[in-house]
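Some notes on the structure that comes next.
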Amino acid sequence: MKYFIHYAYYRLSLWSEKREKNIPIVIVLAWMAITSYFNVYTILSLIDICFGVYAERVLAISTSRFTSLVVISAWAFLIWILLILFHVKEKAFSHGYIEKYKESGCKDWWIFLYFILSMVAMVWVGWIAGARHRGGH
């Protein structure tokens, strides 16, 4: 999984540099923030399903557009800090990692498939957790 995250960062960075000349990291952060939000929400929903703890309410986004924007921006900022702290850019673009991407046969479509599967998992598990709450369990 570690190499996949680095590969995703590497490919998204290259792709975003072609499309955004001023601040390409914004595109990378958007993808990583949304995908990681899906993943964390899914895990919290699984905690809810398994243990009956309403854990995903921590990430519940308000219906207010402004509040939603603030929450997603704060989440993206947190991801940006983590990328810096863990030196993801330096590792993702290192010669050793690039060789590992080639050796393992990493494909760009894996990134989009991961995004879609993360969203499907979040919706499915979130729906099950929500049904538990609606049913009073």
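Of everything in region 87-122, what is assigned to a loop (DSSP other than H, G, I, E, B) and either surrounded by 15 or more Cβ atoms within 10 Å (Cβ to Cβ) or at positive phi (or both)? Give them in sequence order. His87, Gly105, Cys106, listed by residue number.
Taking the criterion of being of a type in the set (A, V, I, L, M) and closer than 20 Å to Ala30 by Cβ, the residues of region 76-98 that qualify are Ala76, Leu78, Ile79, Ile81, Leu82, Leu83, Ile84, Leu85, Val88, Ala92.
Within region 104-126, is there a residue that is at pLDDT below 90 and within 22 Å of the chain's Cα centre (by Cα)? Yes, the conditions are met somewhere in region 104-126. Screening Phe38, Phe4 for residues that are closer than 18 Å to Ala76 by Cα, touching a residue at least 60 places away in the same chain (Cβ under 8 Å), assigned to a helix (DSSP H, G or I) and of a type outside the set (D, E, K, R) leaves exactly one candidate, Phe38.
Checked against (1) surrounded by 14 or more Cβ atoms within 10 Å (Cβ to Cβ); (2) assigned to a helix (DSSP H, G or I); (3) at pLDDT below 85, Ile61 passes all but a single condition, namely (2). Looking across Glu20, Glu56, one residue alone is of a type outside the set (Lys, Arg), modelled with pLDDT under 95 and more than 20 Å from the chain's Cα centre (by Cα). It is Glu20.
The values are calculated or read from the model by the stated rules, or taken from the named source; none is laboratory data. Small disclaimer: the values here were computed from a predicted structure and weren't measured. For neighbour counting, all protein chains shown are included, and Cβ atoms are generated from backbone atoms with ideal geometry for every residue, glycine included.
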